[in-house]
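Trainee: Can you read through this structure? Questions will come right after.
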Amino acid sequence: MLSRVAEKMYWFGRYVERVENTARLISVNTNLVMDLPGVAHIWGSTLDITGNSEEFQKRYTRVDERNVVKFLLEDDTCSIRRSVRNARENARTTREVMPSEAWERVNELHIYLQKNVNQGIKREGRHRFLADIVGFCHQLTGLLAGSMSTDVAYNFIKIGRNLERADMTSRIVDVGTLNLITDTAKTVEYDNILWMNVLRSLTAYQMYRQHVRDRVNGEDVVDFLLKNRKFPRALAHCLSEALNCCKELPANDAPLRSISQALRTAENNDVIKLLSDAGLHDFIDVLQLDLAEIHQQIANTWFGYAVETPQAGMQEQDQAAIA
């Protein structure tokens, strides 16, 4: 396979996953606003989770619900619309390696978004609109799993999907927890609601309840989302899936080493100590650097170029994916 095609498959997987993650995050935080009225930091934290605070500040002066949702839905640089457009372009130029139905589904998502994006800005139509976006992504993921050969192209799609998913999980664990509310008294008062919001952001609440019989609490939530190898959105599971895909590819020594290192970092930690010593943020920073290193090694090994400032989700790197 040409490195150009492999790169497009990798970024196609990342873009589709990013669309779903962003839509889910907007939906869950819309509901959280109704559970925690009067809390001012929710939408600012949403920007922090997606890593787009700087881009937002270039375009808007006020951080409020309408501006943040509009920015995440239709901004030209880092929005759902941009990710769908890039996923569609990568699919269009590599249609020979994936089922034709996948290209058709991506095109339908693009058209639906173009016609209905304004529904998501107003709160009354937002839930249905975002549910439809997530539904498109689920259908596309299932279609590829059920009708695409598990060859090199599909492995690159899965690597991209799982790295993007691991990146979002780590961001939500970091920013979407105690950093969501800066007032300590309110943090204690709404502790249960905040941790449940973290789980629902990743559609993890029911699976968490099956694995953990105790009430929702920070130690168990963080442990579940970082270390569980059975839940598809847990960071350890995502890295394990990426590791298995890399084993099927040639010249894989450097990517395998970087993924194995990140997996050890995620699993070999004391969650209770991290939370009690307020060290969770620094630990997540280490995980983010490990994920960036994985991305760099993948680019160096299979795409034929070095990434000067590796970071999962960077817009500069996105441009290279469709160049």
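Trainee: Just from the alpha-carbon atoms, what are the Rg and Dmax of the chain in angstroms?
Mentor: 18.9, 57
Trainee: Farthest toward the dipole's positive end in the chain, which of Leu243, Gly51, Val5, given Cβ charges of +1 (Lys, Arg) and -1 (Asp, Glu) about the Cα centre?
Mentor: Looking along the dipole axis, the top candidate is Val5.
Trainee: For a test of understanding, tell me how many lysine pairs in the chain have Cα atoms under 20 Å apart, given they are 8 or more places apart or on different chains.
Mentor: For the chain, qualifying lysine pairs total 10.
Trainee: Moving on to the next point. So if we plug the beta-carbon distance of Arg66 and Arg92 into 1/(1 + (r/R0)^6) with R0 = 35 Å, what FRET efficiency do we get, rounded to 0.05? Could you put the intermediate results ahead of the total?
Mentor: Working: r = 33 Å, r/R0 = 0.93.
Efficiency, from the Cβ-Cβ distance: 0.60.
Trainee: Sticking with this structure for a sec: Between Asp253 and Leu289, what FRET efficiency follows from the Cβ-Cβ distance if R0 is 22 Å, with the result rounded to 0.05? Each step should come with its number before you reach the end.
Mentor: Values: r = 20 Å, r/R0 = 0.91.
The formula returns an efficiency of 0.65 here.
Trainee: Pop a pseudo-label 7 angstrom from the Cα along the beta-carbon direction at both Glu104 and Thr77 and give the gap in nm to one decimal.
Mentor: Going from the Glu104 label point to the Thr77 one covers 3.8 nm.
Trainee: Same structure again: Which value, in debye to the nearest 20, gives the size of the charge dipole of the chain about its Cα centre, when Lys and Arg are +1 and Asp and Glu are -1 at the Cβ? Show your work: numbers first, answer last.
Mentor: Values: 39 positive and 43 negative charges, 198 e Å.
For this selection, approximately 940 debye.
Trainee: With a cut-off of 8 Å between alpha carbons and a minimum separation of six or more residues, what is the relative contact order of the range 3-321 in percent? Write down the numbers at each step before the final one.
Mentor: Working: 394 pairs, mean separation 70.0, N = 319.
Normalised by residue count, the contact order of the range 3-321 is 22 percent.
Trainee: So how do 293-300, 245-252 stack up, highest first, on mean other-Cβ count within 10 Å? Mind showing how you got there, number by number?
Mentor: Numbers: 293-300: 22.0, 245-252: 15.6.
Taking the mean over residues of other Cβ atoms within 10 Å, the ranking is 293-300, 245-252.
Trainee: Let me ask you something else. Using only alpha carbons, build the gyration tensor for the range 193-266 and give me the equivalent ellipsoid semi-axes, biggest first, whole Å. Please report the intermediate quantities before stating the final value.
Mentor: Values: eigenvalues 168, 24, 16 Å².
Ellipsoid half-lengths, sorted descending, are 29, 11, 9 Å.
Trainee: Debye calculation, C-alpha points only, no solvent: report log10 I(q)/I(0) for the range 22-102 at q = 0.12, 0.14, 0.17, 0.25 Å⁻¹, in the same order as the q values.
Mentor: The computed values of log10 I(q)/I(0) come out as -0.43, -0.54, -0.70, -1.17.
Trainee: Hey, another quick one. Can you tell me how the range 1-156 classifies by the Cα gyration tensor, rounded, prolate or oblate, using a/c under 1.5 as the rounded cut? Walk me through the numbers on the way to the answer.
Mentor: Numbers: a/c = 2.36, a/b = 1.93, b/c = 1.22.
Prolate is the answer for the range 1-156, as a/c is 1.5 or above and a/b outweighs b/c.
Trainee: At 7 Å along Cα-to-Cβ for each site, give me the label-to-label distance between Arg59 and Tyr112 in nm.
Mentor: Label at Arg59, label at Tyr112, 2.2 nm between them.
Taken together, the values in this text are just the output of simple stated rules run on the coordinates, not laboratory data. All values derive from a computational prediction rather than experimental measurement. Cβ coordinates were reconstructed from backbone atoms using ideal geometry, including for glycine residues, and neighbour counts include every protein chain displayed.
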